[in-house]
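Trainee: Can you read through this structure? Questions will come right after.
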Amino acid sequence: MTASRPTARTAATTIATRLAALPCGRRGKWVVLAVWLILLVATGPLAGKLMGAEDNQASSWLPGNAESTKVLNEQRAFQPIETAQAVVVYDRPGGLTPADRAQGARDAVTFATAPHVLGPVVGPVVSGDGQAMQTIVPIDVGTNGWNDLRPAVDSLRATAAADSHGMTTHVTGPAGVGADQAKAFAGIDSSLLAATVSVVIILLLLTYRSPVLWTLPLISAAGALVVSEAVIYLLAKHAGLTVNAQSAGILVVLVLGAGTDYALLLTARYREELRRHEDRHEAMAFALHRAGPAILASSATVVASMLCLLIAEMNSTRGLGPVCAIGVLVALTAMLTLLPALLVIMGRWVFWPVRPAYGTAEPTKTGRWAHIGAWIARRPRKVWVGTALALAACCAGLVSLNANGLGTAASFTGTPDSVVGQQVLEQHFPGGTGSPLTVISTAADAGAVRAAAQSTPGVAGTSVPVTHAGQALFQATLTDPPDSQAAKDTVDRVRTAVHAVPGADAKVGGNTAVILDAGRAAGNDNRAIIPLVLGVVLVILALLLRAVTAPLVLIATVVLSYAAALGISVLFFEHVFGFQGEDNAFPLFVFVFLVALGIDYNIFLMTRVREESAHRGTRQGAVAGLAATGGVITSAGLILASTFAVLGTLPVVGLAEIGFAVALGVLIDTLVVRSVLVTALTVDLGRHIWWPSPLSRPADVRQMEPSGHA
């Protein structure tokens, strides 16, 4: 029996190597290339349609079961076409003249003919101080969400400004804000793609120092992006998958960033094997066999983490999960099939000017990371304790974390017209003007419900109820700005008051209610999803490393890295960028991306350390693993961090914050946690880090057992 185990293991290894050789065989490489070319020709036109399939209506972002979402759905019975109010504001500090008021009246007539305007135009209404007036224009949101708001709002702004005669004019309200958001997201896919590709090209050139090699990972990643966008388009069109501008933008960054990471790891291992094998097909087969499990485990952590988002209450968060999971799966497929085929087809010369000749020494064994590993090995406990304390100190910034949502003004990196208009509106009218609450109840109880809302502190006034099919709808104007905490508190008071009317089945929605419900749903998502992601990743690591101690150590280091990145980011947001808080989903999105992607580098390192430990022992294996993977993991981290940093160029604070924090966290993971903290912990713990696998036992005990157990 003892002799059969090595034979069985050798047979399994041979089978695995043969399977790995399929995409890079002498004939297989051409089959793979042909399949991908056919796939790209078929999916290219579909990928270009993804932007048209985006759903940017409010319901695609909001929590599905929230009271404000139910109001959005039920109010369609009163007006089948969803509308958003644009508020045109005129302002003259010295007081409006009769000519100004006449001009406002003429503009109101013209507004009714603007694109997508639907329903009666209300106003102009002059403020109590006589210095401003407002006109409310309902705009058809249509099936394209905020994209239909832009032409209407642009027309309103042009009309109001044309004959203002010294008055300042602005368009604000939900429609004005939505139009400015649409403008901020306009071209997000193309601009992100161009910026991300530029960053990847530069960093690949610096990494490979080859005029040709960089093109192969980029071609493979670009192919993966095209196919994934086509698949997502088909699912959005025919299977009900929700895609919005946010998820489509993150998809570009994730596929190019993660795909390039996988490419770097495989290419580095292929270069090693080329020095050991004369036949490049054989070298690639061994590279796939040895690097494949780490790449598969890495992608599995990302996919599993993304799919955890499916339990989210927020529709925008829930929709992001499958979109990103599909992108990573397609990127994985491309890097394990298309890239190996391209590398083998091109031959060794693609590495020019530093070609890995057969029989030459592997330079990583004596490189910079080998020296760093040796330095860590001399004093591992001091290194990991000092590093952990430094990271813990960085967490101090968390006391300033204010992830309670971003108001209208705080959601843009600049100051668009709708923000200025809202500020002018608040100076001359009740703060909630232009963004009233919407209350729906039974028609029979509408009077009692309206009276309850009217008497609630924080409500400036209510409209006359409109009835339809046994239901009634009216609006309540708040005294405070619609995105303020005072306005949110008023929503709770109004809900308490109207819910107390017996049999009225009253519901309260509107812009402020949406903000309130979204914040609470995001908090619930944080509490539910973060522990789930940790548990899923822990299981994957345990299966991959066949240990318990190592996965727990790795999870602890990644969580510490996440907290440090968040702490530093919050300080930068507050004191450098001047951001006024963080988006509700910020902690969750950063956590999911950092844990899923940050654990990648630990997987790349520890799978190699485990491989080396079986021959050298854990302490020497840790140093050897760091020497072998240090350069490629650092390059991968720089590329991934740079791709996420591209999000910071967008004029949307929420995405800019996510991009900055993820980029910073990836750098911390790559340069500090993986290279210093994890290596030092592994050296200090020694064989015990592999408990309870056979590698955790003393070497003499293992040598008495049949080989292959480790």
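The values are calculated or read from the model by the stated rules, or taken from the named source; none is laboratory data. Since the model is a prediction, treat every value here as computed from it, not as a measurement. Positions of Cβ are backbone-derived with ideal geometry, glycine not excepted, and every protein chain shown enters the neighbour counts.
Trainee: All but one of (1) in contact with a helix residue (DSSP H, G or I) (Cβ under 7 Å, 6 or more places away or on another chain); (2) modelled with pLDDT of 90 or more; (3) not small (G, A, S) hold for L545, so report the exception by its number.
Mentor: Answer for L545: the failing condition is (2).
Trainee: When only residues in region 524-561 that are touching an Asp or Glu at 6+ places or on another chain (Cβ under 9 Å) and of a type outside the set (A, V, I, L, M, F, W, C) count, which is farthest from G665 (Cα to Cα)?
Mentor: N524
Trainee: If you scan region 88-112, which residues turn out to be out of contact with any Ser or Thr (no Cβ under 7 Å at 6 or more places or on another chain), within 16 Å of V171 (Cβ to Cβ) and either in a loop (DSSP other than H, G, I, E, B) or aliphatic (A, V, I, L, M) (or both)?
Mentor: The answer is A112, and nothing else.
Trainee: Do we have any residue at all in region 325-346 that's touching a helix residue (DSSP H, G or I) at 6+ places or on another chain (Cβ under 6 Å), free of Cβ contacts under 8 Å to residues at least 24 places away in the same chain, in a helix (DSSP H, G or I) and closer than 30 Å to V227 by Cα?
Mentor: yes
Trainee: Does region 459-472 include one or more residues that are closer than 30 Å to C308 by Cβ and not aliphatic (A, V, I, L, M)?
Mentor: No: region 459-472 contains no residue that is closer than 30 Å to C308 by Cβ and not aliphatic (A, V, I, L, M).
Trainee: Mind counting the residues in region 28-68 that are modelled with pLDDT of 75 or more and within 25 Å of V171 (Cα to Cα)?
Mentor: Of the residues in region 28-68, 1 are modelled with pLDDT of 75 or more and within 25 Å of V171 (Cα to Cα).
Trainee: If you take the residues in region 209-223 that are without any contact (Cβ under 8 Å) to a residue 40 or more places away in the chain and in a helix (DSSP H, G or I), which one is nearest to T649 (Cα to Cα)?
Mentor: Here the answer is A222.
Okay, residues lined up against (1) on the phi > 0 side of the Ramachandran plot; (2) in the same structural domain as T629 (by TED's automatic domain parsing); (3) of a type outside the set (V, I, T):
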{"position": "A377", "(1), (2), (3)": "no, yes, yes"}
{"position": "L406", "(1), (2), (3)": "no, no, yes"}
{"position": "S411", "(1), (2), (3)": "no, no, yes"}
{"position": "F429", "(1), (2), (3)": "no, no, yes"}
{"position": "S435", "(1), (2), (3)": "no, no, yes"}
{"position": "T456", "(1), (2), (3)": "no, no, no"}
{"position": "F474", "(1), (2), (3)": "no, no, yes"}
{"position": "Q485", "(1), (2), (3)": "no, no, yes"}
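Trainee: Look through region 355-378, keep the residues that are outside any helix (DSSP H, G or I) and either among the hydroxyl-bearing types (S, T, Y) or modelled with pLDDT of 90 or more (or both), and return whichever of them is farthest from V553 (Cα to Cα).
Mentor: Y358
Trainee: Would it be correct to say that G509 is touching a residue at least 40 places away in the same chain (Cβ under 8 Å) and either part of a helix (DSSP H, G or I) or more than 27 Å from N402 (Cα to Cα) (or both)?
Mentor: Judged against the criteria, G509 is not a match.
Trainee: Which of the residues that make up region 408-461 are in a loop (DSSP other than H, G, I, E, B) and of a type in the set (S, T, Y)?
Mentor: Answer for region 408-461, where residues must be in a loop (DSSP other than H, G, I, E, B) and of a type in the set (S, T, Y): T408, T413, T415, T433, S435, S455, T456.
Trainee: Of all the residues that make up region 112-138, how many are crowded, with 20+ Cβ neighbours inside 10 Å, modelled with pLDDT of 85 or more and touching a Leu at 6+ places or on another chain (Cβ under 8 Å)?
Mentor: Qualifying residue count for the region: 5.
Trainee: Of the conditions (1) free of Cβ contacts under 8 Å to residues at least 24 places away in the same chain; (2) in contact with a helix residue (DSSP H, G or I) (Cβ under 6 Å, 6 or more places away or on another chain); (3) of a type in the set (K, R), R527 clears all except one; give me its number.
Mentor: Result: R527 passes all but (2).
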